[in-house]
Amino acid sequence: MNRHERMTPPANKAEATARVKIHLAGPEEADTLAAVHRAAFGERKGWSAGDIRKMLAIEGTEALLARCDEAEACGMIITRMMWEDGEILTLGVRPEFRRLGIGGRLFASAVNGMVMQGVNRVFLEVAETNTAAIRLYEEARFEVMGRRPNYYLEEDGKKVDALMMVRVFGQGCGG
């Protein structure tokens, strides 16, 4: 398949797991990261390549990119680590690749990587209406620690609360 052909989404989670490759993405892949982010969150809420390049220039910020069959990018996550704290800044999967475990693999890879680098707590924010993401985070033992009223603007213009979530790993225990 050449790079201009659209790839067929995997038929099931097992096929997706076999086909998806996750790698550390640098600023040279900001255009690709931005394209995935726009596809996942919509044109209004998608981050630009310039915004992503600026984020990746900040020490402790990393991006992981998921590619299927080493072709089309299908998911991404951006994290930031500062001292003993980590934060998930964004996690997105193209709509046609959702519910195949790609977001879960990106999330687990990012969190495990941060913990291996000495992070003791990981924070994130999620729209209270994003039930699939909330379920993923709760399954990973993240807990709601607060709420930001009217934080996210939905595509229809409605504002929704952000749930602030955290998981504490403890002093180097990894668990």
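Values quoted throughout were computed directly from the atomic coordinates according to the rules given, and no laboratory measurement underlies them. For clarity, every value in this text was computed on a predicted model and none was experimentally measured. Backbone-built Cβ (ideal geometry, glycine too); neighbour counts: all protein chains shown.
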* To do: Return R99, R94, R38 ranked ascending by Cβ neighbour count within 10 Å, so the fewest neighbours appear first.
  => R99, R38, R94
* **Kyte-Doolittle mean at least 0.5, axial Cα span of 20 Å or more - DSSP H helices of the chain** => 102-116
* Kindly count the pairs of lysines across the chain whose alpha carbons are less than 21 Å apart, treating pairs on different chains or eight or more residues apart as eligible. => 4
* Structure fact -> FRET efficiency (K159, R98; Cβ distance; R0 25 Å; to 0.05) is 0.60
* **Contour minus Cα-Cα distance for T129 and M116 (0.36 nm per residue)** => 1.6 nm
* What does the helix-only formula give at 222 nm for the chain: each DSSP H stretch with n ≥ 4 adding -39500 (n - 2.57), the total divided by the residues, and the result rounded to the nearest 500 deg cm²/dmol? -> -8500 deg cm²/dmol
* Structure fact -> Cα-based Rg and Dmax for segment 60-105, in Å, come out at 11.9, 36
